[in-house]
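Report on one structure; see the data block that follows.
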Amino acid sequence: MLKAWIEDRTGLSRVERFLNAKTVPQHRHSFWYYTGSAILLFLSIQVVTGFLLVFYYRPTLGEANASVARIMTEVPLGWIIRSVHSWSASLMIATVFAHLFGIWITKAYRRPRELTWMSGVALLLLALGFGFTGYLLPWDGLSLSATKVGTDIPRSVPVVGAWIARFLRGGEDVTGDTLTRFFGFHVCVLPFLLFALLAVHVALIQKHGMSLPLSVERRGEKVKGLPFWPNFVYREVRVWLVLFGLLVTAAVLFPPSLGKVADLMAPAPVGIKPEWYFLFLFQTLKIFPSRILFVDGDTVAVLLILLGGALFFMLPLLDCSPGGKRGRFFAAAAWGFLFYAVAMTVWSLF
Amino acid sequence: MAGISLLACLLVQAALPPPPAPFQEAKEAPKASQERAAGPEEQGPPPMDARESTGIYVFIAWIWMAILVLLYVLGLKIREVDRLHGLGYFDGS
Amino acid sequence: MKLKDTVFHRRRFLNGLLGGGLGAFLASFLYPVLRFVFPPEREPEEVVLPSSEIGDMGPGSVKGFRWGAKPALLKKGKDGSLAAFVAICTHLDCTVRYLPDKAKFHCACHEGWYDENGVNVAGPPPRPLRRLAVSLEGGKVVVRREGAR
């Protein structure tokens, strides 16, 4: 009866019928389809734990570190909430990378899904932005140094570099203003942008339906499809449960620590490095010599990275004949990029 | 039979006092005399006594047990809806 | 018909099992979240006031001090005895003040009045002011929860 009351006022059964009619193809590479909702799982956990942490966190120079210490030691189970937030951030970004990789090698970005890919790349950048801004918030020595380095890198971009750095830092240097600004980005600006873009991304996916991997499409065989609701969703819930279990286990057994409050005048601590998802970029910058011909080595590195990013963004347009020889090159490029990222990350650890 | 014993397990689990309680109580006691951030270079969560760390392992074991039960129930549910799909139950009204 | 019947009953049982199971699982995380969101009220065990602060108190005067996060008043009676009250009105939590000329506590929010022993005498306050135990120990004034030790 309640169902009828709601149906009369919202017409929600239309949604259920749509979700019934939406099918998810079943084939060898179907496991990639789970990565999208896994990202949403971790994102939801971030939002909830983020809400909880923001109840006690104080985003000012004088109190940031102390408020995180208070969350860790005084607030009941605060250390678990913080640990879950920290671990879920890493797992979410790892899942975004996996999602991206799966889309790339199955060429799910090909026509008509180019915009879905581009919005996805933008979402990746926002996710990395979340990670970067969140890293500063505990305001300990390591996060201050990482932010100094991270906001210095855009300076190498010619013409606009200094402006970008000043915009990010809220001034010439990293100060308390940077902290408050990063907090504003982390809890206000980035969430708003993320949810707006996510809505576009998800809407496009509903419009186009699930794509078939090129290899499967070319074989021309008839592919069975499962109704999204309830068949595929129940399978997704199983994946979520396992991921959730892994997250909580990691968070409880390996909670993050908190360094002493940042000293703006102190030298960079030993062993400074960014979060793992930036390590491959960090290492790339390190291998460039300080000068190449007449140009600053950093500038060359940053420009190359930006160029790579732009090519990455335009991948569906570049890979215009995915079935042909050129298409095979782009598929191989996915593996090449994976190898590069992993190798650089491992190298940076030594 | 399996379904009934499963239901019984779930009811018992739901009725059990939530595991975090044992180590939560103990944490309250040392708090009054705890120093904050002044001494150590790095600070982790407050040191736990044996009761608390056991509590943590109990909590994790409980979570995984619950997850395994839910995975099993979902498996049954998936078989059910797959069968219905095969019979054409979801193909329009 | 018969097949659909069986299907329907089994579905309902499984749905109940699944819903109940998921509900129990999620509810178990509700407890830690609630503990996080409602941290325990922490009052101090005791507050020590140096006697130098009390020394200049005349009879029938009060001195404010902090009882944890709450304002409190230490009152020196006309006979020199010390009493301490949590200076929070029992009506709607406004901070009260002491008027020595009237020998009464007054809450300006809704005209609540308490006598010099903190007993509510006029206006909306439903209960007397909360008292704290005061003792002199080694030249210091020690304030504790009433009934403690």
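Values quoted throughout were computed directly from the atomic coordinates according to the rules given, and no laboratory measurement underlies them. Note that the structure is predicted; figures quoted are calculated from it, not measured. A quick note on method: Cβ atoms are made from the backbone with ideal geometry, for glycine too, and the neighbour counts reach across all protein chains shown.
Tell me the mean residue ellipticity at 222 nm calculated for the protein assembly as shown from its helices only (DSSP H runs of n ≥ 4, each -39500 (n - 2.57), averaged over every residue, nearest 500).
-19000 deg cm²/dmol
Would you work out the Kirkwood radius for chain C? I mean one over the mean of 1/r across all pairs of different Cα atoms, in Å.
Final number for the Kirkwood radius of chain C is 19.2 Å.
Using Stokes-Einstein with the Kirkwood hydrodynamic radius over Cα pairs, what translational diffusion coefficient do you get for the protein assembly as shown at 25 °C and a viscosity of 0.890 mPa s, in µm²/s rounded to a whole number?
Stokes-Einstein gives a translational diffusion coefficient of 84 µm²/s.
Between C:Ser81 and A:Leu19, what's the calculated FRET efficiency when r is the beta-carbon distance and R0 is 45 Å? Round to 0.05.
The calculated FRET efficiency here is 0.05.
Could you sort out which of A:Lys22/A:Lys107; A:Lys224/B:Lys77; C:Lys104/C:Lys140; A:Lys107/A:Lys273; A:Lys260/C:Lys140; A:Lys107/A:Lys224 sit more than 31 Å apart by Cα distance in this structure?
The answer is A:Lys107/A:Lys273; A:Lys260/C:Lys140.
Toward the positive end of the charge dipole of the protein assembly as shown, about the Cα centre and with charges on Cβ (Lys, Arg +1; Asp, Glu -1), which of A:Leu214, A:Tyr340, A:Val187 goes farthest?
The one lying farthest along the dipole's positive direction is A:Leu214.
How far is helix C:2-37 tilted, in degrees, relative to the longest principal axis of the Cα atoms in chain C, given as a value from 0 to 90 rounded to the nearest 10?
Roughly 20 degrees, rounded to the nearest 10.
Where does each of A:Asp173, B:Asp82 land when they are ranked from fewest to most other beta-carbon atoms within 10 angstrom?
Ordered by Cβ neighbours within 10 Å, fewest first: A:Asp173, B:Asp82.
Stokes-Einstein diffusion coefficient for the stretch A:219-300 at 10 °C in a medium of 1.306 mPa s, Rh from the Kirkwood formula over Cα pairs: what value in µm²/s?
Rounded, D is 84 µm²/s.
Translational D (Stokes-Einstein, µm²/s) of chain A at 37 °C and 0.692 mPa s when Rh comes from the Kirkwood sum over C-alpha pairs?
Translational D for this selection: 146 µm²/s.
List the residue ranges in chain A for DSSP H helices whose C-alpha atoms run 20 angstrom or more along the long axis and whose Kyte-Doolittle average is 1.6 or above.
Long hydrophobic helices here: A:34-54, A:190-208, A:233-253, A:297-313.
For the residues B:Ile67, A:Ile39, A:Ile272, what sequence is obtained by ranking on other C-beta atoms within 10 Å, fewest first?
Ranked by crowding around the Cβ, least crowded first: A:Ile272, B:Ile67, A:Ile39.
Just want the ordering: A:Phe294, A:Phe312, C:Phe38, from fewest to most Cβ atoms lying within 10 Å of their own Cβ.
Ascending number of Cβ neighbours within 10 Å: A:Phe294, C:Phe38, A:Phe312.
Answer with one residue from C:Pro44, C:Leu34, C:Val141: the one whose Cα lies farthest towards the positive end of the charge dipole of chain C, charges on Cβ with Lys, Arg +1 and Asp, Glu -1.
Ranked along the dipole, the leading option is C:Leu34.
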